[in-house]
Amino acid sequence: EAFSRNSLEQLLINFANEKLMQYFNIYIFQMEEKECRDEGVACPQLQFADNSAVMVLLEAKPTGLMALIHDEVLVPNASDANLLTKMNEAHRGASMYRQMPRAQGEGFVVLHFAGEVAYAIDDFVAKSRGAVPSELSQLLGTSQLPLVRGFFAADEEGGGGGGGGGG
């Protein structure tokens, strides 16, 4: 998916789409081919869009885009400009990444399996620092799932009070 202006949220949506495509490729195509071969069944070589290169770009540690975003948030004086510089240095010459043309603003381009998407770097760091809204923490603290409730129980105990029980 691409819009005229794409930011962190769109990168995360496209990352999720890439992850789903990777899962589909592995579990539908590659494992089916292997199962046919293991059973001695003739299976034609299936052709599918391999997105492994873009997945490496997105999730490899320590230089994948997601790792760089995460790490930039942790350093003092983090900024979008510093993050973009680190991305450009780490992926200069990568087939799935390029700098966004200056005429379009400050950002980068990723060649996703569905096509090229340009991302404006504005507010990547600030948005990545964002805390979970208190309403969401309270809601998740009342989850029927003990694991989920356990992550947010401390927030609920921390007070902030009020609010009616009885849900």
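The values are calculated or read from the model by the stated rules, or taken from the named source; none is laboratory data. What you see is a predicted model, and the numbers here were worked out from it, not measured in a lab. Backbone-built Cβ (ideal geometry, glycine too); neighbour counts: all protein chains shown. To get the accessible areas, we keep the full protein, side chains included, count just its heavy atoms, and leave off ligands, DNA and RNA. Shrake-Rupley method; radii C 1.70, N 1.55, O 1.52, S 1.80 Å.
Being at pLDDT 95 or above, part of a helix (DSSP H, G or I) and either more than 19 Å from residue 114 (Cα to Cα) or over 14 Å from the mean Cα position of the chain (by Cα) (or both) is the filter here; which residues of segment 47-65 pass it?
Across segment 47-65, the qualifying residue is only 53.
Report yes if residue 15 is in a helix (DSSP H, G or I), of a type in the set (Phe, Trp, Tyr) and closer than 19 Å to residue 94 by Cα, otherwise no.
In short, yes.
On the given criteria, is residue 88 surrounded by 12 or more Cβ atoms within 10 Å (Cβ to Cβ), under 18 Å from residue 119 (Cβ atoms) and either aliphatic (A, V, I, L, M) or modelled with pLDDT of 95 or more (or both)?
yes
Only residues in segment 84-110 that are more than 16 Å from residue 10 (Cβ to Cβ) count as the first member; pair them with residues that are of a type in the set (Ser, Thr, Tyr), Cβ under 8 angstrom, at least 6 apart or cross-chain, and list the lot.
So the pair list comes out as 90/63; 91/63; 91/97.
Give me the residue from segment 27-45 that is open to solvent by 60 Å² or more (accessible area, probe 1.4 Å) and of a type in the set (A, V, I, L, M, F, W, C) and, out of that set, nearest to the chain's Cα centre (by Cα).
In this case the residue turns out to be 28.
Which strands (runs of 3 or more DSSP E) sit wholly inside segment 80-137 and have at least 3 residues that are within 14 Å of residue 5 (Cβ to Cβ) and in contact with a strand residue (DSSP E or B) (Cβ under 7 Å, 6 or more places away or on another chain)?
Strands (runs of 3 or more DSSP E) meeting the threshold: 107-112, 115-120.
Name the one entry in 122, 155 that is at pLDDT below 85 and open to solvent by 40 Å² or more (accessible area, probe 1.4 Å).
155
Of everything in segment 106-119, what is open to solvent by less than 50 Å² (accessible area, probe 1.4 Å) and at pLDDT 95 or above? Give them in sequence order.
Passing the criteria: 107, 108, 109, 110, 112, 117, 118, 119.
From the set of residues in segment 138-148 that are among the polar types (S, T, N, Q) and in a loop (DSSP other than H, G, I, E, B), which is surrounded by the fewest Cβ atoms within 10 Å (Cβ to Cβ)?
Per the criteria, the residue is 144.
Taking only pairs six or more apart or across chains, which ones have beta-carbon atoms under 8 Å, a first residue in segment 1-19 that is open to solvent by less than 60 Å² (accessible area, probe 1.4 Å), and a second residue that is assigned to a helix (DSSP H, G or I) and of a type in the set (Asp, Glu)?
Going by the 8 Å Cβ cut-off, the qualifying pairs are 15/59.
Looking only at residues that are among the hydrophobic types (A, V, I, L, M, F, W, C) and assigned to a loop (DSSP other than H, G, I, E, B) in segment 66-79, which one is surrounded by the most Cβ atoms within 10 Å (Cβ to Cβ)?
Per the stated criteria, the residue is 78.
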